[in-house]
Amino acid sequence: MKDIADQYPELYRTDKSFLVNLDNVSGIDTANRRLIFPNGDQTDVATRRFHEVKTLAQKHLND
């Protein structure tokens with residue numbers, strides 16, 4: 001997983017087994033620590049990474 005993340009810097013590791021393109025995030029569920037995508041899919045974010053992911057995702061949402 002780390003090799004893929006290194007090859008594609010636009011992807012961010014949200015937990016042990018997921019890489020997410022934050023440009024594709026349409027919302028953040030802070031109560032459940034999840035990212036929401038335009039098609040309705042959701043993915044959990046690791047507790048330790050949530051604050052950083054939330055900050056980065058909000059930055060992408062505001063652009």
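For the chain, the longest principal axis of the alpha carbon atoms and the long axis of helix 50-62 meet at an angle near 70°. The residues of the chain have, on average, 72 Å² of accessible surface per residue, using a 1.4 Å probe with all protein chains present.
State the extension gain, in nm to one decimal, for the chain segment bounded by Thr30 and His60, taking 0.36 nm per residue of separation less the distance between their alpha-carbons.
9.2 nm
Over the Cα atoms of the chain, Rg to Rh with Kirkwood Rh, two decimal places? Here Rg/Rh amounts to 0.93. If you roll a 1.4 Å probe over the chain with all protein chains in place, what percent of the accessible area is carbon or sulfur? In the chain, the share of accessible area belonging to carbon and sulfur is 46 percent.
If the reach is capped at under 13 angstrom between alpha carbons, list the aspartates and glutamates near Lys59, excluding any in the same chain fewer than eight residues apart. Answer for Lys59, where 13 Å is the Cα cut-off: Asp23, listed by chain and number.
The values are calculated or read from the model by the stated rules, or taken from the named source; none is laboratory data. The structure displayed is predicted, hence computed values, not measured ones. These accessible areas exclude ligands, DNA and RNA; they are computed on the full protein's heavy atoms, side chains included. Shrake-Rupley method; radii C 1.70, N 1.55, O 1.52, S 1.80 Å.
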